[in-house]
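A short worksheet on the structure shown next.
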Amino acid sequence: MSQLISLKNLNLSFGEKIIFDNAELAINKGDKIGLIGLNGQGKSTLFNILTRSIHPDISTPAFMYDQSNESFDIFLIPQELNIKDYSDLSIENYYLAFYPELYSLHREIESGNTDADVFEKFEALGGWDIQNNYINYLKGFDLNDHERSVENLSGGEKRKMALSIGLSSKAEFLLWDEPTNHLDIATIERFEEELINSKKTYMIISHDRYLLNHSVDKIFHIERGKITSFKGTYLDYLEYLEQREAELMKNLDKLENKQRRELAWMRQGIKARRTRSKKRVEGFHHINDAISDIKSRSKKTVDLGLLHSGRKSKVLVQIEEGEFYYDETLILKNLNILLTKKDKIALIGPNGAGKSTLIKILAERLALSSGKQKNADGLKVVIFDQNRESLDLEKTPLEIIGEGNDFVILGDGSRKHVTSYLKNFLFSSDQVNRPVATLSGGEKNRLQLAMFMKQSTDLWVFDEPTNDLDIETIELLEKELKAYDAAIIIIGHDRAFLDNTCNSTWLIHNHELEMFEGGYTQVAPYLHALELEKELLKQGKQKNIKLKTDPENISTQKIQKMNFKEKERFKVIETEISDMETAVELAKEKLANFDFTAMNSSKNKAFDELSQDKLELESKLEKLYEEWEELSAKTE
């Protein structure tokens, strides 16, 4: 594979905070890269360095940015679209916000300049092709009514617009910054499919572990100022980290034993200091540094301290034959719910299906239009929602959480020192005294989580809790919610998070609530069936329209039948598919069990060969599926 970009001697600091310390990376043509790391460690900053909108510090040796082909373009799709400066655009032409020259020509045309050269310039820059591709992607993501202004769009609609802009770009290298925030699962899976089939080079910052595991083949991990490169999926990388953690803990035990001996020697009397070996003193400090490094690299644990009221009653909410209308528009019907104190529920459904409405009904903030509802006496429901309260940017986390006190009074009446409480949310001792304005978006999100979780309640509701959180923090939150012994409802689109925290799933579909045992994986086949049903219905309508407009179609259309050779092939192809599916599973199992310890050139080669074998087998299986579909169609 030819190399597109390499960075060397990358150094960058903001004040005393070191972002990159002699970091380096290499990106090859066709790489599909997942970029991970704690919030505030430099993921978005790296994107800005790659697009040259941020310049690293001057260093010795000097920073090197090697680009094999100066003509290829890098295209960044940011987390937030700049709606304010382009409020004159509609959904149909918002893509122009990313193309200054095309936007300028568009303004000329809108102002009445119809000279031929303006349109020729627009075409020469590829404007019409980009626009057509962009609109096709909008339709594919079910974003219609393209004449609407972009000013009042929902978060999900803006993200669909951003996906369409990125996918319609002609650039060779795409940078995706949290592309799936605020999206429903169906849209995420459509986007995932586009990425998997893409021939372009791309890098994704995402907290969606399903997306990372299915659509990337390389991981870049920013950690302590360095960029670690790993060939494989996100799941492969997690397995490698588990192996690394085990080795680190073994080394830690050895180092701590040695440290105890050296510490006793260092504490000898004043007379002994004159005769100390300088090398031994340096060795003692080296051991301490090694221990600190291993501890910082080991997985952090967290105690978020979720509190519940200790309510004795088992049933929290019961609804029978409930309906809810907004004005005269039906939102929910046939609601039959029994919510108990042990339920951990994933609440899913398309954007606008009524998820937030259902939560308000459960909390009695909205009343049913008809039906019966009985809540436990004094039921307390606390909602951590997408519209999280604003933070005072001038204050520090210590001031916000402590509110002028040294101790936090938690919902169950217990006390905890503010610094210790914030450490549970992965805030270091220097971060707790820094103004909120200096924190990253994810760190601010974590701070809001800390504010929220000081309360106690009967029912916790998390509305998109993983938005803007890094993967490490998501995993810590996940662990806490799994251990929590009271009712939880999670509205979200992070499929791995829902799988790992919930024991049942509620799906809102066609105004009704359908219930499943288990997390997202249990519901996935049903959701895919709904999508297929929707697609078949759409195709059926298109076919009917075609037949009506072209009646001769019925008489002139030839029905294809299988010939003898195809019939013989159809008899054996299902066996071949079964054998190939087994081969693919074995290849995946070999990768899953690969030993990543003591990696060297030989083991790297072995891993690459296993990965290549898996890809080739999957490709053969896909071709068999396609062949079976073609033959099967001729049997109908």
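Structure data summary
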item	result
Positions within the range 323-348 being within 12 Å of Ile491 (Cβ to Cβ) and in contact with a Leu (Cβ under 6 Å, 6 or more places away or on another chain), in sequence order	Ala346, Ile348
Condition check for Phe98: touching a strand residue (DSSP E or B) at 6+ places or on another chain (Cβ under 7 Å) and open to solvent by less than 60 Å² (accessible area, probe 1.4 Å)	no
Some residue of the range 610-633 being open to solvent by less than 50 Å² (accessible area, probe 1.4 Å), among the basic types (Lys, Arg), in a helix (DSSP H, G or I) and at pLDDT 80 or above	yes
The range 422-475, subset buried (at least 19 other Cβ atoms within 10 Å of the Cβ) and without any contact (Cβ under 8 Å) to a residue 40 or more places away in the chain, residue nearest to the chain's Cα centre (by Cα)	Glu475
Matching residues, the range 110-156, being in a helix (DSSP H, G or I) and either hydroxyl-bearing (Ser, Thr, Tyr) or within 26 Å of Glu178 (Cβ to Cβ) (or both)	Ile130, Gln131, Asn133, Tyr134, Ile135, Asn136, Tyr137, Leu138, Lys139, Gly140, Gly155, Gly156
Matching residues in the range 574-622 - criterion: being over 19 Å from Lys218 (Cβ atoms) and in contact (Cβ under 8 Å) with a residue 40 or more places away in the chain	Glu574, Glu576, Ile577, Met580, Glu581, Asp595, Thr597, Lys620, Leu621
Looking only at the range 199-221, and only at residues there that are among the hydroxyl-bearing types (Ser, Thr, Tyr) and at pLDDT below 90, the one that is least open to solvent (accessible area, probe 1.4 Å)	Ser206
Test: residue in the range 126-140 that is more than 22 Å from Tyr86 (Cα to Cα) and surrounded by 16 or more Cβ atoms within 10 Å (Cβ to Cβ)	yes
Per-region count, the range 317-355, residues among the polar types (S, T, N, Q) and either over 19 Å from Asp458 (Cβ atoms) or without any contact (Cβ under 8 Å) to a residue 40 or more places away in the chain (or both)	4
Looking only at the range 157-191, and only at residues there that are assigned to a helix (DSSP H, G or I) and open to solvent by 20 Å² or more (accessible area, probe 1.4 Å), the one that is farthest from Ala353 (Cα to Cα)	Leu167
Residue, farthest from Tyr326 (Cα to Cα), within the range 352-365, restricted to residues that are open to solvent by 60 Å² or more (accessible area, probe 1.4 Å) and in a loop (DSSP other than H, G, I, E, B)	Glu364
Number of positions in the range 366-375 that are part of a strand (DSSP E or B) and open to solvent by less than 70 Å² (accessible area, probe 1.4 Å)	4
Among residues of the range 17-76, those that are among the acidic types (Asp, Glu), open to solvent by 20 Å² or more (accessible area, probe 1.4 Å) and part of a loop (DSSP other than H, G, I, E, B), counted	3
Residue within the range 480-494 that is outside any helix (DSSP H, G or I), open to solvent by 50 Å² or more (accessible area, probe 1.4 Å) and either among the hydroxyl-bearing types (Ser, Thr, Tyr) or out of contact with any strand residue (DSSP E or B) (no Cβ under 7 Å at 6 or more places or on another chain) (or both) present	yes
Selected residue (only one of Gly378, Gly404, Gly411 is open to solvent by less than 50 Å² (accessible area, probe 1.4 Å), among the small types (Gly, Ala, Ser) and either more than 24 Å from Asp468 (Cβ to Cβ) or at pLDDT 85 or above (or both))	Gly411
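The values are calculated or read from the model by the stated rules, or taken from the named source; none is laboratory data. Everything quoted here is computed from the prediction, not taken from an experiment. Here Cβ is always computed from backbone atoms with ideal geometry, including for glycine, and neighbour counts include all displayed protein chains. Protein only, heavy atoms only, side chains kept; ligands, DNA and RNA dropped before computing areas. Shrake-Rupley method; radii C 1.70, N 1.55, O 1.52, S 1.80 Å.
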